[in-house]
Amino acid sequence: MGLVEDMLKGDKRALSRVITLVENNSQNCEEILSKLYPHTGNSQIIGVTGPPGSGKSTLINHLVREFVRKGYKVGVLAIDPSSEFTGGALLGDRIRMLEVSLDSNVFIRSMGTRGTLGGISRKTKEVVRVLEAFGKDKIIIETIGAGQSDIEITRTAHTVIVVLTPETGDDVQVLKAGIMEIGDIYVVNKADIGNAEFMVEEIKALIASKSSNVSKEWTAPVIKASAKKKEGIRELVEQVEKHWNYLKVSGEINKLEERRVKNEVVDTLNRKISNYLLSKLESEFGKEIFDEILKRKESPYSVVNRLIKKFLC
Amino acid sequence: MMAEKIRVLLAKPGLDGHDRGIKVVARALRDSGMEVIYLGIRNTPEQIVETAIQEDVDVIGLSILSGSHMYHFPRILQLLKERKAEDIVVIGGGIIPQEDKEKLEKMGVKAIFGPGTSTQEIIKKIKELIGNKKN
Amino acid sequence: MCRGINLFNSKKIDEMKKSIDKWEKTTLEESLKLKSERKKEFFTSSNIVVKRVYTPLDIANKDYLKEIGLPGEYPFTRGIHATMYRARIWTMRQFAGFGTAEQTNKRFKYLLQHGETGLSVAFDFPTLCGYDSDDLMSKGEVGACGVAVDTLKDMEILFEGIPLNKVTTSMTINGPAATIWSMYIVTAEKQGAKKEELGGTIQNDILKEYMAQKSFIFPPEPSLKLVVDTIEYASKYLPKWNPISISGYHIREAGANAVQELAFTLADGLTYVEATLERGLKVDDFAPRLSFFFACHNNFFEEIAKFRAARRIWAREMKERFQAKKKRSLWLRFHTQTSGCTLTAQQPYNNIVRVAIQALAAVLGGTQSLHTNSMDEALSLPTEFAVRIALRTQQIIAHESGVTDTIDPLGGSYYVEWLTDKMEEECYKYFDKIDKLGGVVEGIKRGFFQKEIANSAHKYQEGIDKGEIIVVGVNGYATEELMPVPIFRIEPEVEKKQIERLKRVKMERNSKKVEEAIDQLKKAAEKEENLMPYIINAVKEYATLGEITKALKEIYGEYHELLIY
């Protein structure tokens, strides 16, 4: 397996192949991730979410450019939905990032959701780890931006940017139940059109009302930006850096990292154990058990307890 | 559990903006279960090859209706070679005379589709080229 | 007389109704019993359901004088001139241009010798997108799809020996139209011609670029401003020039159906009128110089109906919405090109027949000028032989078919009048949608048009893939053998030669004066002045197209396409 070594030496093609192996859940996927794991844990993970059409990709393009200018190595994961019926996907976000995609310090990868419902799948999290191991200082995840499911981004990202626009007509009140609670930074994008000022005030008021019962030292800033006029980008970068700094100084980062690692263990555990036990059911023994449940001699609960005792204890 | 997908990069090199065909193909490939990375119009060969590598695609599909095919196809093949990525299959479509088609196929372009090709034919050919290792 | 029946005697109408009922129950039913129809329903290309047969009932409620009228009179349904082709055959204008300016110049002279009456210039992609031939983005495309123009020098060579006060020239240029037009004006003046003598057209229709052809440079608003600059300049100094050719052609070729072509094109036209009025011009001072450019596809009657509806809608809108007074302001004058996307690479000789059918529809629709495509265009740029046959097709229609002897011979056809109304009705539905979106520019920004067009293109391809639409030689009556047509080739040295010339021009010009001119242009752009005099000034100093475009990008920004599949 020279791929991992090549990748760790900085070979882009090797990185790309590794991501494919991870994404496809190939047989050596775990082995690869285990090898890479010691090299992870040094990057700021930035989630960018917001409704479709809010200009996330263009904003990310500018963000990446600023990061590169500051000397950072940047990775981007752009996620688009896969079709539930065919499994196919049209991935077009990077068209907005062409300007930065040729920079040697930038790596952009498009991913389909491939059947997972949430904005952030297990595979996304694993690919983030790969990019961390590759030595990216900043890793940006662009979610599909479909409301509630994107709340999952908070479990992976250190810094969540919520992008909204005055023109989409999204009522902040309507949004508040979902993505209005997850942002570390809010961006009112396309501020050159529509009533941006009003929206900024509305979001600020909302944050104030929420943060009263949370003892956080970080109050989410609300930034007015226009990707078209290249306004607000510097401020956004500054706030992203400030938030990163805050996480480190306050020790918040340790809590987040602990939670992330825990999640990884729990997720893996859940998956592996249930797969292991399920495999045991693919036998005569399994048939018998289902039969007994159907005849009401056993319940699903007693059966599972029996399984655990038999195979795990 | 393996979950492989055929990944295809679709792009128009150069300045030609006629994107009717490439868009129809993009939709058809998606509907056949492939992952299509769509790069749209006005791309340099360098952008296309770099994207193909970052996205680890199996196939690059180029649409050229501007007569610049004898520049863009060879240039992209050459860049792929330089990046040691010759395994990425290059196919294309557009207004390409038979004579040029033959020349390009000799150079290593795996398939060229002219006007009037059905999307089914393109899908079939891609699956054939990539093999049945993927669904 | 019962209400709504204008064209026929109401008693006769009642009789007709009864006869039709009877026919349906007897003659028709017997026929259907013997053999059912080929399809359950028949549609035009715009998905309008076509009835089995049309009768006086379908047009009985029409007010002939108000809605159809006479040729040369409002609402111009039957034609903008009282005599139409009886007085003058349409202009036969073949689009041409490839390689270097010298080669195109030679081709122009050839075409003029063969009886063509107007020139038409195709530019290569770098020129269309505002790049110089030595730009990185231009690699591989210099002179490939048209002629390359970097500086005034190229324009001078392009029209060398062709008196520009004697011919009319149509230039297909949009994003950089103001610059290319300036080069043409300066070239003509250097030949000794006066501005007011110059006749011709620049396409200059930027809105459809965002919708369809994608040769945009700047964002929509400043682009629209530049268009108004040219309209204003033409109305003051070049009264015989058409500063814009509002084009449905590219919208159609990108996949739109006939109704979408009609509606989007006219909506673009209305947007230009509104923007020019906002500048402070009077409608009758510029409206007479607005011209249109449509495609003509295979669905014969639908195309004819489209042209007739277009004339009527435009006349009405100009009169009622904008209070235009001059007759010429109400005229929808249009150029037609047969459809490129209906041509097949398979059995290419069949394309001659397609082009003939389409050309005939354009003539029956009352076109002012016509380009007929060459049979080999699905394979390559056309050869001289193929271009000649395409031109001969027009000449045969003009002189042998007899369709030019009477005006609007299909006027009064139950089907064509009904379909004309239907096209109009569907067009207004789109107008309403566009209004609700906040107008054309807003619609572009939201991807409305792009989505509509992509959907139609997708649907059409689906129809072919499923065999619901038959294209002869492609998914029906296909034969294996190739029918080779001679292929025209561009010399590979074109790019090298062009770049060398550009270098030479840059060396020979006064670079300080160029810098000054560019600087003045930028300042004017910031102040929102009319830029034409500044561009002309820069062009005279041999500033390149790329330099001028780059300067304006710095002020206006660049446009990137929306993601619409």
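Residue A:97: of a type outside the set (Val, Ile, Thr), outside any helix (DSSP H, G or I), within 19 Å of the chain's Cα centre (by Cα) and under 27 Å from residue B:33 (Cβ atoms), yes or no?
No, not satisfied.
Out of the residues in region B:78-135 that are open to solvent by 100 Å² or more (accessible area, probe 1.4 Å) and touching a Leu at 6+ places or on another chain (Cβ under 8 Å), which is farthest from the other protein chains (Cβ to nearest Cβ)?
B:110
Inspect all residues belonging to region A:108-122 and state whether any of them is open to solvent by 30 Å² or more (accessible area, probe 1.4 Å), over 19 Å from residue B:39 (Cβ atoms), touching a residue at least 40 places away in the same chain (Cβ under 8 Å) and under 13 Å from the mean Cα position of the chain (by Cα).
yes
Taking residue C:466, is it closer than 27 Å to residue C:564 by Cβ and within 14 Å of another protein chain (Cβ to nearest Cβ)?
For residue C:466, the condition - closer than 27 Å to residue C:564 by Cβ and within 14 Å of another protein chain (Cβ to nearest Cβ) - is met.
Given the conditions (1) open to solvent by 100 Å² or more (accessible area, probe 1.4 Å); (2) part of a helix (DSSP H, G or I), which single one is not true for residue C:13?
The number of the failed condition is (1).
With the requirement that a residue be out of contact with any strand residue (DSSP E or B) (no Cβ under 6 Å at 6 or more places or on another chain) and either open to solvent by 20 Å² or more (accessible area, probe 1.4 Å) or more than 8 Å from every other protein chain (Cβ to nearest Cβ) (or both), what does region B:61-76 give you?
Scanning region B:61-76 gives B:67, B:69, B:70, B:71, B:73, B:74, B:75, B:76.
So residue C:380 clears everything in (1) open to solvent by 50 Å² or more (accessible area, probe 1.4 Å); (2) in contact (Cβ under 8 Å) with a residue 40 or more places away in the chain except one condition, right? Which one?
(1)
Under 6 Å by Cβ, and 6 or more places apart or on different chains, what pairs join a residue from region C:75-95 that is surrounded by 19 or more Cβ atoms within 10 Å (Cβ to Cβ) with one that is of a type in the set (Phe, Trp, Tyr)?
C:80/C:331
Given the options C:263, C:256, name the one that is part of a loop (DSSP other than H, G, I, E, B), under 17 Å from the mean Cα position of the chain (by Cα) and in contact (Cβ under 8 Å) with a residue 60 or more places away in the chain.
Answer to the check: C:256.
Which of the numbered conditions does residue C:204 fail, given that it passes all the others? Conditions: (1) open to solvent by less than 10 Å² (accessible area, probe 1.4 Å); (2) polar (S, T, N, Q); (3) not in a loop (DSSP other than H, G, I, E, B).
That leaves (3) as the condition not met.
Would you confirm whether or not region B:46-60 contains a residue that is surrounded by 23 or more Cβ atoms within 10 Å (Cβ to Cβ), over 15 Å from the mean Cα position of the chain (by Cα) and either at pLDDT 95 or above or more than 12 Å from chain C (Cβ to nearest Cβ) (or both)?
Among the residues of region B:46-60, at least one is surrounded by 23 or more Cβ atoms within 10 Å (Cβ to Cβ), over 15 Å from the mean Cα position of the chain (by Cα) and either at pLDDT 95 or above or more than 12 Å from chain C (Cβ to nearest Cβ) (or both), which makes the answer yes.
Which residues, taken from region A:277-307, are loosely packed, with under 12 Cβ neighbours inside 10 Å and under 27 Å from residue A:33 (Cβ atoms)?
Correct list: A:278, A:279, A:282.
Take the residues in region A:224-260 that are assigned to a helix (DSSP H, G or I) and in contact with a helix residue (DSSP H, G or I) (Cβ under 6 Å, 6 or more places away or on another chain); name whichever of them is surrounded by the fewest Cβ atoms within 10 Å (Cβ to Cβ).
A:253
Every residue in region B:1-35 that is aliphatic (A, V, I, L, M), open to solvent by less than 10 Å² (accessible area, probe 1.4 Å) and at the interface with chain C (Cβ under 9 Å from one of its Cβ atoms), please.
Once the filter is applied, which keeps residues that are aliphatic (A, V, I, L, M), open to solvent by less than 10 Å² (accessible area, probe 1.4 Å) and at the interface with chain C (Cβ under 9 Å from one of its Cβ atoms), region B:1-35 yields B:15, B:26.
Contact list please: Cβ distance under 7 Å, first residue in region A:1-28 and more than 19 Å from residue A:108 (Cβ to Cβ), second residue among the charged types (D, E, K, R) and open to solvent by 50 Å² or more (accessible area, probe 1.4 Å), pairs at least six apart or on different chains.
What qualifies is A:3/A:17; A:4/A:35.
Among the numbered conditions (1) farther than 30 Å from residue C:342 by Cβ; (2) among the hydrophobic types (A, V, I, L, M, F, W, C); (3) assigned to a helix (DSSP H, G or I), tell me where residue B:37 comes up short.
Result: residue B:37 passes all but (3).
Within region C:435-451, track down each residue that is open to solvent by 40 Å² or more (accessible area, probe 1.4 Å) and either part of a helix (DSSP H, G or I) or of a type in the set (Val, Ile, Thr) (or both).
C:435, C:436, C:437, C:442, C:445, C:451
So which residues in region C:353-377 are within 14 Å of another protein chain (Cβ to nearest Cβ) and either open to solvent by 10 Å² or more (accessible area, probe 1.4 Å) or closer than 17 Å to residue C:250 by Cβ (or both), if there are any at all?
Across region C:353-377, the qualifying residues are C:354, C:373, C:375, C:377.
Quick check: is even one residue across region C:343-352 more than 21 Å from the chain's Cα centre (by Cα), away from chain B (no Cβ under 14 Å) and modelled with pLDDT under 95?
The answer is yes; a qualifying residue exists.
Please enumerate the residues belonging to region A:22-56 that are within 14 Å of chain B (Cβ to nearest Cβ) and either assigned to a loop (DSSP other than H, G, I, E, B) or open to solvent by 50 Å² or more (accessible area, probe 1.4 Å) (or both).
Answer for region A:22-56, where residues must be within 14 Å of chain B (Cβ to nearest Cβ) and either assigned to a loop (DSSP other than H, G, I, E, B) or open to solvent by 50 Å² or more (accessible area, probe 1.4 Å) (or both): A:24, A:25, A:26, A:27, A:28, A:30.
The values are calculated or read from the model by the stated rules, or taken from the named source; none is laboratory data. These numbers come from a predicted model, not from an experiment. With ideal geometry, Cβ positions are generated from the backbone for all residues, glycine too; neighbour counts draw on all protein chains shown. The accessibility values were calculated without ligands, DNA or RNA, using every heavy atom of the protein model including side chains. Shrake-Rupley method; radii C 1.70, N 1.55, O 1.52, S 1.80 Å.
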